[in-house]
Amino acid sequence: MTSPVLSAPGAVQQSLLRRRAAGGKSLVPFVTAGITPDWTAYVRACAEHGADAIEIGLPFSDPMLDGPVIQAASGQALARGARIADLLEEIGASGPGAAPGSTGVPLIVMTYSNIVRRHGDEAFCHALAAAGIGGLIVPDTPLDEIEPLLAASRAAGLELILLVAPSTKPHRVSRIAELSSGFVYAVSNMGVTGVRDAVSDTVQRTVDGVRQHTSLPVLVGFGISSPAQAVEVSRHADGVVVASALMRDVLAGASPADLAATVSSFRTALDGTDWSAAR
Amino acid sequence: MNSSSGPSPAVPAPIEQPGTSTLLTADRSVMTDPGALGRFGGFGGRYVPEALIPACEELEAAYREARADPSFQSELTQTLQVYAGRPTPVTPAARLSQELGINLLLKREDLAHTGSHKINNVIGQALLARRMGKQRLLAETGAGQHGVATATAGALLGLDVTVYMGEVDTQRQQLNVFRMELLGATVVPVTSGSRTLKDACSEALRQWVSQVDEAYYCLGSVMGPHPYPWMVREFQSVIGSEARGQCAGLLRRGVPDVVVACVGGGSNAAGTFAGFVDTSARMVGVEAAGGAAMTDGSPGILHGFYSQVLQDDDGQVREAHSISAGLDYPGVGPEHASLGSSGRVEYTTATDEQVLEAVVLLARSEGILAALESAHALAWIIQAARSGDLAAGSTVLMTLSGRGDKDASQLMGLLA
Ligand SMILES: Cc1ncc(COP(=O)(O)O)c(C=O)c1O
């Protein structure tokens, strides 16, 4: 047996728990790897402006769970000739302050099943770990198919973060909460990633359902588009993942400094809220 | 695999003496129920977001129930008969047989309503959708044949239909876009990725996630998450079971020496093979040379299932390109991946040029205009008869999956 169960919490979980212990809410920005030649500068901007962890999307040609913005971001990265190994190398490249992997903020890779399977579950997980990545999210590998990935991620010491949707039945929620590490990713609505005007009212139900089964942090993602929405869902959750709202700006030409300002605005809104009445 | 087992007449006769021998093989374990996880060998499964899992489970339960319900089965059979034109005939291709030195039989799916086998699956799924209380059908389409079939079934049963179609395909297949709209369907051009069938599939899955309570996703081939590959094969197996009975009446040995079908996602082939998998017949699936997931692909996960996929070494899915939009899919149904790896079915390819030759030859020798997709199967038969891979006098059953009227304007340009 080569898959020891993680005994101590990993870097992702520790970072989110630290924020929770301090009475705050976590912010996990998302950056599509390879979206521009200087994409790692966006990751650093997030790290330096209040991210508790950063999700890095490794592009896939057929992103079934993504809306138009992340589809376009992935497409732009692939059109630039992005290759998985090169992207990981850019993350892991050493040099003081240069590599996002050296910022101290834990990194999480989000990608699709085929990218993982093509490189081999074990080889892929080890490559992530070697690049300094702490966590992994593979949204199109559901519970029924999770076994090989679970073994490979454990062997590599990665935190495998599983998702719960509004439609997920209670018996599955309990199993997902049990097997997930780092945090549990609560999908805000029945839909794909994207920028939305309003946060779905199913969020509270989904988050509360997860909490019944775990003390892991529960973060909400998909459609969190403004600091106000981030605050709204964080009344129930431990924090948010913000993706399309950031990548929409980058696609429109936002610089790393521009992105830093946007990330700061989310941080400020979360920090400026009194959470003592929440939960 | 021996294509010339058993006595064959020296001069091919279009119709052999009817006989009783069916040459059953021992193995009945293939092409059966893939179980709760939807596995065909190591292939298949259900690689979808958690959000879609309840919908897949609900669909599987509803299908299992309907499948076991005699009233559903009889309504299906009845609808296929009085509406879709089943059973379709098996036509001995007398003059072409003479020319090729084999004994060629054509299973005539081109004569089914809407002009292809796609209607078999769509009638089954639309009846199931109605039984499940769904108001709307979602479908992806490439060439437009599955979209037209879905629009047709929607009109028949009074269900709304939305068809997702790559923008490139909406331009290449304007006539089918018009047909779908005439039938009351809404056609949504998909502008992401390569703007072709694979992107239309991704978009239909995305839309299904967000409308899962009201909408039924009517998938067009033996692909997608479990239970689709199994359910679609079951609905298409009417091709194989009819042909099996028809061959028993036409052929001295009861079963043909060789069974051939074209493979895009693989539904007409799976439905055909299901009728002969337990016989000694050699079975051949023919893909487009420019979209041959079985020949050029490697194991991968696309659109919810694990199978052979055309992809680069980094895991990015490649586009398929051929003369026939209906075969331009970079994956193939998981059951084919399994039948290929076990060796029970051979998978091969035909080039665009060979396909054009086959279309013309069939038109002139039999008066049948085949769809470009179907002509891939014939193109292989022609090459194999010439090379001797098909022994002289072999009996060959080919599924002619659709008629070529939809391709007439494309052919006008290609043959000019
Ligand atoms: C006439 C015809 N044959 C074959 C196909 C390929 O589909 P499958 O491989 O699922 O039979 C199509 C698809 O559009 C078609 O229109």
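Structure summary
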| quantity | calculated |
| --- | --- |
| One residue from B:Gly184, B:Gly193, B:Gly224 being within 14 Å of chain A (Cβ to nearest Cβ) and out of contact with any Leu (no Cβ under 9 Å at 6 or more places or on another chain) | B:Gly193 |
| Yes/no for B:Ser387 being closer than 28 Å to B:Arg179 by Cα and either in the same structural domain as B:Ala281 (by TED's automatic domain parsing) or in contact (Cβ under 8 Å) with a residue 40 or more places away in the chain (or both) | no |
| Residue match in segment B:160-178 (condition: assigned to a helix (DSSP H, G or I), within 21 Å of the chain's Cα centre (by Cα) and within 17 Å of B:Val122 (Cα to Cα)) | yes |
| Filter pass, B:Gly285 being in contact (Cβ under 8 Å) with a residue 40 or more places away in the chain, within 11 Å of the ligand (Cβ to nearest atom), more than 11 Å from chain A (Cβ to nearest Cβ) and in a strand (DSSP E or B) | yes |
| Within segment B:87-110, considering residues that are under 22 Å from B:Ser74 (Cα atoms) and within 16 Å of the ligand (Cβ to nearest atom), the one farthest from the chain's Cα centre (by Cα) | B:Thr88 |
| Among residues of segment A:73-88, those that are in contact with a helix residue (DSSP H, G or I) (Cβ under 7 Å, 6 or more places away or on another chain) and facing chain B (nearest Cβ under 7 Å), counted | 1 |
| Cβ pairs under 6 Å, 6+ apart, first in segment B:102-123 and of a type in the set (Asp, Glu), second more than 12 Å from the ligand (Cβ to nearest atom) | B:Glu109/B:Thr88 |
| Of all residues in segment A:112-132 being buried (at least 21 other Cβ atoms within 10 Å of the Cβ), more than 12 Å from every other protein chain (Cβ to nearest Cβ) and modelled with pLDDT of 95 or more, the one that is nearest to A:Ala151 (Cα to Cα) | A:Cys125 |
| Filtered residues of segment A:153-180 (kept if touching a residue at least 60 places away in the same chain (Cβ under 8 Å) and either more than 17 Å from A:Val241 (Cα to Cα) or surrounded by fewer than 24 Cβ atoms within 10 Å (Cβ to Cβ) (or both)) | A:Arg154, A:Ala155, A:Gly157, A:Leu158 |
| Some residue of segment B:222-244 being modelled with pLDDT of 95 or more and at positive phi | yes |
| Selected residue (criterion: farthest from the other protein chains (Cβ to nearest Cβ)) from residues of segment B:270-280 that are within 13 Å of the ligand (Cβ to nearest atom) and in contact with a Leu (Cβ under 9 Å, 6 or more places away or on another chain) | B:Thr272 |
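Listed here are the residues, each with its yes/no results for (1) part of a helix (DSSP H, G or I); (2) within 26 Å of B:Asn103 (Cα to Cα).
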position	(1), (2)
B:Leu378	yes, yes
B:Ile381	yes, yes
B:Ala384	yes, yes
B:Ala391	no, yes
B:Val396	no, yes
B:Thr399	no, yes
B:Lys406	yes, no
B:Gln410	yes, no
B:Leu414	yes, no
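Yes/no per residue for (1) free of Cβ contacts under 8 Å to residues at least 40 places away in the same chain; (2) out of contact with any Pro (no Cβ under 8 Å at 6 or more places or on another chain); (3) within 14 Å of chain B (Cβ to nearest Cβ); (4) assigned to a strand (DSSP E or B):
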| residue | (1), (2), (3), (4) |
| --- | --- |
| A:Leu17 | no, no, no, no |
| A:Arg20 | no, no, no, no |
| A:Gly24 | no, yes, no, no |
| A:Gly34 | no, no, yes, no |
| A:Tyr42 | no, no, no, no |
| A:Pro63 | no, yes, yes, no |
| A:Gln71 | yes, no, yes, no |
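The values are calculated or read from the model by the stated rules, or taken from the named source; none is laboratory data. These figures come from a predicted structure and were not determined experimentally. Every residue, glycine as well, gets a Cβ built from its backbone with ideal geometry; the counts of neighbours run over all protein chains shown.
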